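*Asks:* First the structure, which I've put down as structure tokens, then a few questions once you've had a look.
The values are calculated or read from the model by the stated rules, or taken from the named source; none is laboratory data. What you see is a predicted model, and the numbers here were worked out from it, not measured in a lab. Here the Cβ is made from the backbone with ideal geometry for all residues, glycine too, and neighbour counts use every protein chain on show.
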């Protein structure tokens with residue numbers, strides 16, 4: 001049988017749509033052993049009416065209540081148009097939720113006393129250093145066990161020693177397309193320089209260590225006001241990229257040249273106070289009760 005003969009027989013009346021379903025026909029078990037006959041059983045003849053082959057391929061795919069498309073959707077549970085009739089409360093959504101802080105970008109808070117002229121761009125972003133693009137974050141949780149190795153024994157025994165949260169490594173691209181972006185880059189780099197230094201020499205609060213800042217990102221259950229200190233940060237000044245001129249701020253008369261593309265990496269250490277740790281409850285942590293309140297930020 002030639003494909004051109006598909007559904008064109010003027011004399012053969014083949015069940016169509018729901019009638020074919022009632023007779024136990026489907027695209028794989030139509031009359032005869034020829035696969036084309038099975039397709040013909042669903043397409044029908046030219047004069048089969050709505051749901052048949054009249055109107056061409058698009059006609060039978062669209063069909064009506066008795067068309068091929070309707071029967072196929074009925075068989076596999078597919079709604080018309082492929083859209084579920086009711087999606088309320090089913091699955092996640094990309095849309096913002098009214099009344100909720102939908103800003104899940106990774107950011108480091110501006111420490112008290114660091115709101116100076118040079119950090120003005122950070123103040124304008126809600127007193128945060130925000131990574132403009134989604135960075136790569138590496139974090140490691142560990143539980144240490146000390147091996148006890150008895151003499152003349154094939155297997156050691158392990159005694160629990162402690163648990164720890166290792167350093168958090170954040171690496172993200174920092175694109176600069178205009179002067180405003182350049183000022184933000186300058187403010188970010190200067191701020192990271194500042195929060196990695198102690199109070200030393202002719203300054204207030206001599207001997208004070210670098211400040212504890214807050215890490216946020218991805219919502220309540222990932223990083224929610226995690227207390228951290230900056231232990232290391234680095235950025236690159238590539239030789240094969242363009243540099244954008246940024247006018248001087250806070251005494252920089254001649255301005256500076258900022259890379260149009262750079263990678264900023266920051267290493268953070270989670271820093272919890274002794275008072276906070278003394279109030280730790282494993283049962284409350286397991287239950288997820290440390291998302292808000294005084295104990296929030298516990299990883």
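*Asks:* Specify which of the listed residues (171, 203) is under 18 Å from residue 133 (Cβ atoms) and surrounded by fewer than 17 Cβ atoms within 10 Å (Cβ to Cβ).
*Replies:* Numbers: 203 fails: under 18 Å from residue 133 (Cβ atoms).
Going through 171, 203 in turn, just one is under 18 Å from residue 133 (Cβ atoms) and surrounded by fewer than 17 Cβ atoms within 10 Å (Cβ to Cβ): 171.
*Asks:* Could I ask something else about it? Condition check: in the same structural domain as residue 167 (by TED's automatic domain parsing) and loosely packed, with under 10 Cβ neighbours inside 10 Å. Does residue 143 satisfy that? Before you say what the answer is, go through the steps one by one.
*Replies:* On the way: in the same structural domain as residue 167 (by TED's automatic domain parsing): yes; loosely packed, with under 10 Cβ neighbours inside 10 Å: yes.
The answer is yes for residue 143.
*Asks:* Conditions: (1) assigned to a strand (DSSP E or B); (2) surrounded by 14 or more Cβ atoms within 10 Å (Cβ to Cβ). Residue 160 meets all but one. Number of the miss?
*Replies:* So the condition that residue 160 fails would be (2).
*Asks:* Answer yes or no as to whether residue 288 is modelled with pLDDT under 85 and more than 29 Å from the chain's Cα centre (by Cα). Explain how you work it out, then say what you get.
*Replies:* On the way: modelled with pLDDT under 85: yes; more than 29 Å from the chain's Cα centre (by Cα): no.
Answer is no for this residue.
*Asks:* In this structure, is residue 165 more than 14 Å from residue 132 (Cβ to Cβ) and free of Cβ contacts under 8 Å to residues at least 60 places away in the same chain? Steps first, answer last, please.
*Replies:* On the way: more than 14 Å from residue 132 (Cβ to Cβ): yes; free of Cβ contacts under 8 Å to residues at least 60 places away in the same chain: no.
No, not satisfied.
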